[in-house]
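Notes for the one structure printed next.
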Amino acid sequence: MSELIVILVGTIFVNNIVMERLVGVGPFVGASRRIDAAATMSLATLLVVTLSTTAAALVYQFVLIPLELDYLRTLSAVVVIGASIKLAQIATRRLRPMLHEAIRTYLPLVATNSAILGVALLSMEEVETFFDAVIYGFGSAVGFVAVLVLMAGIRERLEAADVPMPFRGAAIVLLTAGIMSLAFLGFAGMARP
């Protein structure tokens, strides 16, 4: 149980998929303009990353390794991610129509998010059991949500701030991301999966 907590804390803070691994930077910068858009994108990403990492771990542990086909893990992860996104669309449409309306425009965008493929592949390499992979996927998704919503809040505050002309636009966003990355570096040594 304690190793699952270490994996969860490690993926959220220490090995954050965006701040430490630099995976998913495109959506991090693009979808963090407004907090409401970031929250909706985060919800879609949380759902798909957890679902696809769980499914990819199942395929890897119970199909690819026993058949000695582990060299097909990237291809299988891409197929699993596509199926997970479609499954998420169908499930939310039938079970929670309001949730589906909120995230339906973001689900196709999530398909192109490199963080989803990155988390699925990293979970295959870095964790040993199926439950560890599920926690790794969920923790990575929570870490992505945290940095995306934090960045959106900071960017909304920066719109009202008096930023010098050379730093407006992408420059201040990248500087802010660098400072956030340094802040997450402060968690190093706290927990490693």
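The values are calculated or read from the model by the stated rules, or taken from the named source; none is laboratory data. Model, not experiment: these values are computed from the prediction. So basically every Cβ, Gly included, is an ideal-geometry build from the backbone, and we count neighbours across all protein chains shown. Side chains included, ligands, DNA and RNA excluded: accessible areas come from the protein's heavy atoms. Shrake-Rupley method; radii C 1.70, N 1.55, O 1.52, S 1.80 Å.
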What's the total number of residues in region 88-97 that are surrounded by fewer than 16 Cβ atoms within 10 Å (Cβ to Cβ) and within 14 Å of Leu47 (Cβ to Cβ)? 5
Near pairs, Cβ below 8 angstrom, 6+ apart or cross-chain, from region 68-86 (over 15 Å from Gly118 (Cβ atoms)) to any residue that is open to solvent by 70 Å² or more (accessible area, probe 1.4 Å) and modelled with pLDDT under 90: Ile85/Pro108
Which listed residue, of Ala38, Ala55, Ala83, is under 18 Å from the mean Cα position of the chain (by Cα), over 26 Å from Glu156 (Cα atoms) and open to solvent by less than 40 Å² (accessible area, probe 1.4 Å): Ala55
Out of all the residues in region 147-162, is one or more open to solvent by less than 60 Å² (accessible area, probe 1.4 Å) and over 19 Å from Gly30 (Cβ atoms)? yes
Any idea which of Phe187, Phe144, Phe138 is within 22 Å of Leu46 (Cβ to Cβ) and either in contact with a His (Cβ under 7 Å, 6 or more places away or on another chain) or not in a helix (DSSP H, G or I) (or both)? Phe187
Looking only at region 171-179, decide whether some residue is farther than 14 Å from Ser42 by Cβ, without any contact (Cβ under 8 Å) to a residue 12 or more places away in the chain and open to solvent by less than 70 Å² (accessible area, probe 1.4 Å). yes
